[in-house]
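Input: a single structure, listed below in structure tokens.
The values are calculated or read from the model by the stated rules, or taken from the named source; none is laboratory data. All of these numbers come straight from a predicted model, not from anything done at the bench. Every residue, glycine as well, gets a Cβ built from its backbone with ideal geometry; the counts of neighbours run over all protein chains shown.
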Amino acid sequence: MNLGKQFKEGLITNNPVLVQVLGMCSTMAITTSFFNGLGMGLAVTVILTLSNVIISAIRKIVPDKIRIAMFIVVIAGFVTCVDLLIQAYVPSLATSLGVFIPLIVVNCIILGRAESFSYKNGVAASFFDGIFQGIGYTVVLLIMCIIRELLGAGTFGGGILGPDLKGIQIIPSQFPAGMLTLPVGGFLVLGCLIAFMQWALAKSKNKEESK
Amino acid sequence: MDQITNLLAIMLGAILANNFIFSQFLGICPFLGVSKKVDTAVGMGIAVTFVMGLASAVCYVVNQFVLIKFGLEYMQTVTFILVIASLVQFIEMFLQKSMPSLYTALGIYLPLITTNCAVLGVVLLNVQNSYGFIESVVYGITGGLGFLLAIVLFASIRERLVFADYPKAFEGFPIALVTAGLMALAFMGFSGLKVW
């Protein structure tokens, strides 16, 4: 078990969104305000960590053939718990994320990590893998939110900061390109972020080879 | 008459104005994953349409006559995903026995549909919008047709992208996402669509 390596993988070299390209639906759909991104990121991190631990704990007694069904039941159970908790304690988040909270069940990141990591590794390693991958996902969501919010609406921290929780106005409201807060913006910003990641990874690889 | 106008509005909305891919962001994973060739895209689109229609019908029945009747609405997510998973499994077995040619054509795409968020999404949206049985089925099928339209158009563009000249960093997913973004921009034009 190598925590430093796992952390670096989750955050950069094997980032769930930018490198593995999983969980795109929620990444693009809900990143319109800082609050949404943070809430979604935390929810996924919690569910991913818990389901990783459980799946890794039961991996030896689950027959190979029905493992996917078992994964889905475990994940769906946790998603339901988190969904009900959010509805009870943060109803505003529940309304703005809407159908995307129950849809965490089919978020490929969680099923992907279950299949590729926690089904093969011990409980402790799976626990940290869940946390680190979750952080990697959250960071990407927050970056997307900040870019789309700043360039699309000219604000920062929508949902938490500023008057009426609409965020702090940084760019005067007549300038921003409102297009970025629409679905189009999600595709374009994520495309550019992945391109940047590929460029950066290729560059650091070249550097290592030339040494 | 009202019923028919309502259904037509749902259809047009699901196929064009509120397209599952371009305006609701549901089903992006298979949309990006299975769109390198037009043939496979068509297969995937048809399979998804079929499953979405069937899942809408079955989940409506389960929701109305089991979950609501016994006050178990909080179990919706778990129940729906199980219903969809078993439905996909059944379809797979049925096709294997009765229509082997279609089964081989759809190949690995069938099991993948279980984790397609468009299928679970349409079922949850049916509940959220409190659609009746016919409305649910129509929304499911037309939502699937919208997916089919989007993935076929996207795959045909992607086939041509191979010859395009773009920065190396954009290779693979980024250029696909930018293309999808531009298509979403075009589809946004349909949101002004008001027939009635």
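For the reader, a short list of remarks on this structure follows.
- Some residue of the stretch B:60-68 being within 13 Å of chain A (Cβ to nearest Cβ), among the aliphatic types (A, V, I, L, M) and touching a helix residue (DSSP H, G or I) at 6+ places or on another chain (Cβ under 6 Å): yes
- Screening B:GLU92, B:GLU135, B:GLU171, B:GLU159 for residues that are at pLDDT below 85 and over 20 Å from A:LEU188 (Cβ atoms) leaves exactly one candidate, B:GLU92.
- Residue in the stretch A:19-39 that is surrounded by the fewest Cβ atoms within 10 Å (Cβ to Cβ), counting only those that are away from chain B (no Cβ under 12 Å) and touching a Ser or Thr at 6+ places or on another chain (Cβ under 6 Å): A:ASN36
- Residues located in the stretch B:148-193, provided they are charged (D, E, K, R) and surrounded by fewer than 13 Cβ atoms within 10 Å (Cβ to Cβ): B:ARG160, B:ASP165, B:LYS168
- Scope the stretch A:5-18; condition more than 10 Å from every other protein chain (Cβ to nearest Cβ) and either within 12 Å of A:GLY136 (Cβ to Cβ) or within 14 Å of the chain's Cα centre (by Cα) (or both); matching residues: A:GLN6, A:PHE7, A:LYS8, A:GLU9, A:GLY10, A:LEU11, A:ILE12, A:THR13, A:ASN14, A:ASN15, A:PRO16, A:VAL17
- Those residues of the stretch B:164-196 which are assigned to a helix (DSSP H, G or I), more than 7 Å from chain A (Cβ to nearest Cβ) and among the aromatic types (Phe, Trp, Tyr), in sequence order: B:PHE187, B:PHE190
- The stretch A:55-91, residues that are surrounded by fewer than 16 Cβ atoms within 10 Å (Cβ to Cβ), over 22 Å from A:GLU115 (Cα atoms) and touching a helix residue (DSSP H, G or I) at 6+ places or on another chain (Cβ under 8 Å): A:LEU84, A:GLN87, A:VAL90
- Test: residue in the stretch B:139-146 that is more than 21 Å from A:GLY98 (Cβ to Cβ), more than 10 Å from chain A (Cβ to nearest Cβ), out of contact with any Ser or Thr (no Cβ under 7 Å at 6 or more places or on another chain) and of a type in the set (A, V, I, L, M): no
- From the options A:ASN52, A:ASN2, residue that is among the polar types (S, T, N, Q), crowded, with 24+ Cβ neighbours inside 10 Å and more than 13 Å from chain B (Cβ to nearest Cβ): A:ASN52
- Among all residues of the stretch B:24-32, there is at least one that is touching a Leu at 6+ places or on another chain (Cβ under 9 Å), among the polar types (S, T, N, Q) and touching a residue at least 40 places away in the same chain (Cβ under 8 Å).
- Verdict on A:PHE78 being under 23 Å from B:CYS117 (Cα atoms), touching a residue at least 12 places away in the same chain (Cβ under 8 Å) and away from chain B (no Cβ under 14 Å): no
- Inside the stretch B:95-135, residues that are more than 13 Å from chain A (Cβ to nearest Cβ) and within 20 Å of B:SER23 (Cβ to Cβ) make up a count of 2.
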